[in-house]
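The values are calculated or read from the model by the stated rules, or taken from the named source; none is laboratory data. Model, not experiment: these values are computed from the prediction. Please note: Cβ atoms are built from the backbone with ideal geometry, for glycine as well, and neighbour counts cover all protein chains shown. Protein only, heavy atoms only, side chains kept; ligands, DNA and RNA dropped before computing areas. Shrake-Rupley method; radii C 1.70, N 1.55, O 1.52, S 1.80 Å.
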Amino acid sequence: MQSIAWDDIRAFVAVAHAGQIGSASKALGQDATTTGRKIRRLEQCLGITVFERTRNGQVLTEAGEELLV
């Protein structure tokens, strides 16, 4: 089992608050591709989907909401 990286959690929280990977990436000072990769790695590690991707950005799934709490 792969361990969860704190940096991935930080990216998750930033996207959850910003609602968009691009906005969260700017706040984190990193490229949007990097932020997206961290979210995917977190999802893979946990075996859940934390965001639903929409045209307007990212929306927390029920599992994502539980993780955020």
| field | Dipole magnitude of the chain, debye to nearest 20 (Cβ charges: Lys/Arg +1, Asp/Glu -1, about Cα centre) | value | 300 debye
| query | Modelled label-to-label distance, LEU68 and ARG10, 7 Å Cα→beta-carbon offset: nm? | reply | 2.0 nm
| message | Per residue, how much accessible surface does the chain expose to a 1.4 Å probe? Answer in Å², no decimals. | response | 66 Å²
| field | Relative contact order of the chain, defined on C-alpha pairs under 8 angstrom at six or more residues apart (%) | value | 30 percent
| request: Whenever you get a sec, compute what percent of the accessible area on region 12-55 sits on carbon and sulfur atoms (1.4 Å probe). | output: 46 percent
